[in-house]
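*Asks:* Just dropping this structure here.
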Amino acid sequence: MPSLPFDEMTRPDGGIRAPYLTYDAWMARTSIDTLRQKHTQADLLFKRIGITFAVYGDSQGSERLIPFDVVPRIISADEWDYVARGVCQRVMALNRFIHDVYHEQEILRAGKVPRALVENNDQFRAEMVGFEPPGGVYVHIAGVDIVRTGENEFHVLEDNLRTPSGVSYMMENRDMMMRLFPDLFDRYSVAPVNHYPQELLKTLKYVAPSPVGSPTVVLLTPGQYNSAYFEHAFLADEMGVELVQGQDLFVDDGFVYMRTVEGPQRVDVIYRRIDDDFLDPQAFRKDSMLGVPGLFEAYRKGTVTLANAIGTGISDDKAVYDYVPAMIEFYLGEKAILRNVPTYHLDDDDDRKYVLEHLDELVVKEVHGSGGYGMLVGPKASRTEIAAYKDRILANPGNFIAQPTLALSTCPTFVNEGLAPRHVDLRPYVLTGKTTNVVPGGLTRVALKEGSLVVNSSQGGGTKDTWVLER
Amino acid sequence: MLSRTADNLYWMARYVERAENMARILDVSHRMHQLPHNGEGSGAEWEPALIISGQKPSYEARFDEITASHVIAFMALDPENPSSIVSTLGSARENARAERFVLPVEMFESLNATWLELRSITYTKLLEWGFREFFEWVKERCHQFNGTTVSTMVQTDAYSFTRLGTFIERGDNTARLLDVKYHVLAPDEDRLDEAVDYYQWGAVLRAMSAFKAYRITYRDSIKPRKVIELLTLRREFPRSLHHCTHAASLLLEEMSPDTEAARLAGEINARLRYGRVQDITRRGLHAFLTEFIARNALISNEVGRAFHLEASTTLPPAHRRQRQRQF
């Protein structure tokens, strides 16, 4: 029998962990019907406000609510310190790494990261070589996925350095919890998260092209049919900046303008929620309808800043991931605070042999995959699924990595039968402008199906409010 | 403000207005359908809904005959029909969704709620509910939209574009309804049949919520010429052509007085302000309305030019295809 996973609330001996003591006492005086009623209320409210996301691969183009769970995930001040230092350290090292890769490539010359892994990588943007982004910042916004397996065991699963999403849920969930459970906020001192948009705006203004007095910032979205459109609109609104689509922008004589009812207006900083490939049909994918022709040229000229920079994907695949602790040592001279998950590379003969023999124990992912699509969770998969996946691996081994199946921590969650433990992860949002910092909190995702380890919203995951307690 | 935002708000309002008018047209068709027929029992009273929306050919391709149940299902609930109430309000909701953060919370939420409920209505449910109740409901939801706009929206340019959309569309709809009725009724100025006038032109008035307005204004039995005057020239009636161009002209004067759009709206408004009903009927109502619809559409084009709207349209074809209707 496998041992039970670490539970955020209850110790194996039945005792309650410190951050949850007050919650436990409150629960003891609260009926499950109250929770059920709050659960229904939250559902109605979210539906009415229209916080939905589009599901890809659904021909109806239908919109769904991401299920919201009414039980908070609570993190003590000490635990948070540790996580916060860990994610900031990673993002600092990753920013240095990207700069290095597009300039001197010292880390490759030192042999700390295999050259082939970088130069043969689809995500390597030759166009970025020698380019100096304002402030030297590439990753302005990162959403680092963390899982917990024990009292002091935090692992990073992914760094998400391109266009990480979900931060609007961090804020909306908090809003909802304060509305549903005002009495709990009287008992707990929960660090606020709703200043995130202000921090983001400060970050974006800081990286504006130099001689700009009051920079014009915009948020570039693929449009209302994108799954994260709600978030784009939400953030633009909270920051008080225009929410633009490709068609709203144009480039003239090396400068970027937006089309307004009063005529063209200069744009200095673009927080873009569109992938590199679709940003500029002249520079990247020719068939992109979402981008702005000439944008890349303006960017290279330094008349406009893109956040995140182009080419950050180079440090955001599941193969390069393995070398982040080495980067931290190389650039910062420090030991990595957060652990990596051991990773098997399927283009390596020994690794592949081991993985193919142990598919039923491992998690296998596509190197460039995201959103929980196209992955195999060995212990939960049927024999047929494993056999089919094996064929996919053999067809293109370099496209896959494998990791041991982690026993993600669980957190009590409201389900039909009442409260039950469900697996969770945590995504804090790390901002880098003048400095690198993180708003105390993040998005806790929860796998609502019993025993499931996949927390992605596209795969039936839900979210919880994440409480970082103040001292 | 982004041109695209202006475009979306303008069309959001137009689609809501269009849905409301479709409900009105179907409502009046339904009322007329219940009157004793002049013999043939044809589906003539259902034709206006199909003609105004430009959907007669596609209707005929799908159905052999014009019947109440088919037309109502087709024009109210059919998502495949881009002019149906459910499609039109769906487009309004899509436009609002794209700009939800520019709008007061109540506006998107109200449109969203309308659309969610509308989507769940089946024809069987419609029968249970009753046609009249359904049309009343659609009108109420549209009134709620207009009321919320006027009472909660900050009155900046976003507001002006929204209101402009309402009045441009309303003028267009009034003209179309009047024109189609004109064809169906073929009024003969010399023929005196007060009973027919009462029911037929009375139905036109009811479709426009103008029955009471007529009584108050004229204190007379229903005469085609006076109905025409009320719906075209009388500014005090809020669905008349004059009222709509007056409102559009005021808005455009405030938004951008030196544009062709403002000049054009002013010119059309002046003609209605100083026009006489006998001049309209002498020339022919149909010719007059045709010209109005064309010039009203021209204002819309000029608005697009003045505020750089055309290049910035981002809605997918499904929500764009029905923008300009065939005359």
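*Asks:* How many residues are charged (D, E, K, R) and within 14 Å of residue A:237 (Cα to Cα) if we restrict to the stretch A:200-225?
*Replies:* Matching residues across the stretch A:200-225 total 0.
*Asks:* Something else about it: Before we move on, is residue B:265 crowded, with 18+ Cβ neighbours inside 10 Å, within 30 Å of residue B:302 (Cα to Cα) and either touching a helix residue (DSSP H, G or I) at 6+ places or on another chain (Cβ under 6 Å) or assigned by TED's automatic domain parsing to the domain that holds residue B:30 (or both)?
*Replies:* The answer is yes for residue B:265.
*Asks:* Let me ask you something else. Across the stretch A:263-279, what is the number of residues that are without any contact (Cβ under 8 Å) to a residue 40 or more places away in the chain and more than 8 Å from chain B (Cβ to nearest Cβ)?
*Replies:* Adding up the residues that qualify gives 3.
*Asks:* Take residue B:29 and decide whether it is within 16 Å of residue B:115 (Cα to Cα), away from chain A (no Cβ under 14 Å) and touching a Phe, Trp or Tyr at 6+ places or on another chain (Cβ under 8 Å).
*Replies:* no
*Asks:* Next question, about the same structure. Can you tell me how many residues in the stretch A:282-300 are assigned to a loop (DSSP other than H, G, I, E, B) and surrounded by fewer than 20 Cβ atoms within 10 Å (Cβ to Cβ)?
*Replies:* Going through the stretch A:282-300 one residue at a time, the tally reaches 7.
*Asks:* Which of the residues spanning the stretch A:197-222 are surrounded by fewer than 22 Cβ atoms within 10 Å (Cβ to Cβ), closer than 26 Å to residue A:72 by Cα, in contact with a helix residue (DSSP H, G or I) (Cβ under 8 Å, 6 or more places away or on another chain) and more than 14 Å from chain B (Cβ to nearest Cβ)?
*Replies:* A:198
*Asks:* Exactly one condition in (1) aromatic (Phe, Trp, Tyr); (2) closer than 27 Å to residue A:97 by Cα; (3) in contact with a strand residue (DSSP E or B) (Cβ under 6 Å, 6 or more places away or on another chain) is false for residue A:389; which is it?
*Replies:* The single condition residue A:389 does not satisfy is (2).
*Asks:* When both residues are 6+ apart or on different chains and their Cβ atoms are under 8 Å apart, which pairs have a first residue that lies in the stretch A:163-192 and is free of Cβ contacts under 8 Å to residues at least 60 places away in the same chain, and a second that is among the polar types (S, T, N, Q)?
*Replies:* Here the result reads A:175/A:194, each pair linking the stretch A:163-192 to a residue that is among the polar types (S, T, N, Q).
*Asks:* Still on this model: What number of residues within the stretch A:376-413 satisfy the criterion of being surrounded by 20 or more Cβ atoms within 10 Å (Cβ to Cβ), under 24 Å from residue A:68 (Cα atoms) and modelled with pLDDT under 95?
*Replies:* Qualifying residue count for the region: 1.
*Asks:* What's the number of the only condition in (1) surrounded by fewer than 17 Cβ atoms within 10 Å (Cβ to Cβ); (2) at pLDDT below 90; (3) among the aromatic types (Phe, Trp, Tyr) that residue B:46 fails to meet?
*Replies:* Unmet for residue B:46, out of (1) surrounded by fewer than 17 Cβ atoms within 10 Å (Cβ to Cβ); (2) at pLDDT below 90; (3) among the aromatic types (Phe, Trp, Tyr): (1).
*Asks:* A further question follows. For residues that are among the polar types (S, T, N, Q), over 16 Å from residue B:228 (Cβ atoms) and part of a helix (DSSP H, G or I), tally how many sit in the stretch B:253-299.
*Replies:* Total meeting the criteria: 2.
*Asks:* In addition: Do we find that residue A:93 is farther than 23 Å from residue A:274 by Cα and either touching a residue at least 24 places away in the same chain (Cβ under 8 Å) or buried (at least 19 other Cβ atoms within 10 Å of the Cβ) (or both) in this structure?
*Replies:* So residue A:93 passes the test.
*Asks:* Applying the selection to the stretch B:66-83, what residues are outside any helix (DSSP H, G or I), in contact with a Ser or Thr (Cβ under 9 Å, 6 or more places away or on another chain), away from chain A (no Cβ under 12 Å) and not small (Gly, Ala, Ser)?
*Replies:* B:66, B:78, B:80, B:81, B:82, listed by residue number.
*Asks:* Give the number of residues within the stretch A:174-187 that are surrounded by 17 or more Cβ atoms within 10 Å (Cβ to Cβ) and either over 27 Å from the mean Cα position of the chain (by Cα) or not in a helix (DSSP H, G or I) (or both).
*Replies:* Going through the stretch A:174-187 one residue at a time, the tally reaches 2.
*Asks:* Just checking, which of A:169, A:225 is within 23 Å of the chain's Cα centre (by Cα), at pLDDT below 95 and within 14 Å of chain B (Cβ to nearest Cβ)?
*Replies:* So the residue among A:169, A:225 that is within 23 Å of the chain's Cα centre (by Cα), at pLDDT below 95 and within 14 Å of chain B (Cβ to nearest Cβ) is A:225.
*Asks:* While we're looking at this one, here's another question. Please give the number of the condition residue A:285 fails out of (1) at pLDDT 90 or above; (2) basic (Lys, Arg); (3) not assigned by TED's automatic domain parsing to the domain that holds residue A:127.
*Replies:* (1)
*Asks:* On the given criteria, is residue B:241 surrounded by 13 or more Cβ atoms within 10 Å (Cβ to Cβ), in contact with a Phe, Trp or Tyr (Cβ under 7 Å, 6 or more places away or on another chain) and modelled with pLDDT of 95 or more?
*Replies:* Yes.
*Asks:* Kindly provide the set of residues from the stretch A:180-212 that are within 30 Å of residue A:27 (Cβ to Cβ) and not aliphatic (A, V, I, L, M), ordered by number.
*Replies:* Hits for the stretch A:180-212 are A:181, A:182, A:183, A:185, A:186, A:187, A:188, A:189, A:192, A:194, A:195, A:196.
*Asks:* Continuing with the same structure: Give the number of residues within the stretch A:107-130 that are assigned to a helix (DSSP H, G or I), in contact (Cβ under 8 Å) with a residue 60 or more places away in the chain and over 23 Å from the mean Cα position of the chain (by Cα).
*Replies:* Counting residues in the stretch A:107-130 that are assigned to a helix (DSSP H, G or I), in contact (Cβ under 8 Å) with a residue 60 or more places away in the chain and over 23 Å from the mean Cα position of the chain (by Cα) gives 3.
*Asks:* Please specify each residue of the stretch A:244-281 satisfying the condition of being surrounded by fewer than 22 Cβ atoms within 10 Å (Cβ to Cβ), among the small types (Gly, Ala, Ser) and out of contact with any helix residue (DSSP H, G or I) (no Cβ under 6 Å at 6 or more places or on another chain).
*Replies:* A:263
*Asks:* Hey, another quick one. Here are B:102, B:16, B:86, B:28: which of them is outside any helix (DSSP H, G or I) and not assigned by TED's automatic domain parsing to the domain that holds residue B:172?
*Replies:* None of the others qualify; the one that does is B:102.
*Asks:* Mind counting the residues in the stretch A:261-302 that are over 15 Å from residue A:251 (Cα atoms), of a type in the set (Val, Ile, Thr) and touching a strand residue (DSSP E or B) at 6+ places or on another chain (Cβ under 7 Å)?
*Replies:* Qualifying residue count for the region: 1.
*Asks:* Are any residues in the stretch A:380-412 under 22 Å from residue A:154 (Cβ atoms) and of a type outside the set (S, T, N, Q), and if so, which ones?
*Replies:* A:401, A:402, A:404, A:406, A:407, A:408, A:411, A:412
*Asks:* Right, next: Can you work out which of the residues in the stretch A:228-241 that are of a type outside the set (A, V, I, L, M) and on the phi < 0 side of the Ramachandran plot is nearest to the other protein chains (Cβ to nearest Cβ)?
*Replies:* Top of the filtered list is A:237.
*Asks:* Quick one: residue A:306 ticks every box in (1) in contact with a Lys or Arg (Cβ under 7 Å, 6 or more places away or on another chain); (2) free of Cβ contacts under 8 Å to residues at least 12 places away in the same chain except a single one, so which number is it?
*Replies:* Status for residue A:306: all satisfied but (2).
*Asks:* Moving to a separate point now. For the stretch B:94-148, enumerate the residues that are away from chain A (no Cβ under 12 Å), more than 23 Å from the chain's Cα centre (by Cα) and β-branched (Val, Ile, Thr).
*Replies:* Listed by number, the residues that qualify are B:122, B:124.
*Asks:* Something else now. Which residue out of A:244, A:256 is within 10 Å of another protein chain (Cβ to nearest Cβ) and on the phi < 0 side of the Ramachandran plot?
*Replies:* Matching residue, one of A:244, A:256: A:244.
The values are calculated or read from the model by the stated rules, or taken from the named source; none is laboratory data. Predicted model, so just to flag it, every value in this text is computed and none were measured. Neighbour counts are summed over all protein chains in view; Cβ atoms, including those assigned to glycine, are modelled from backbone coordinates with ideal geometry.
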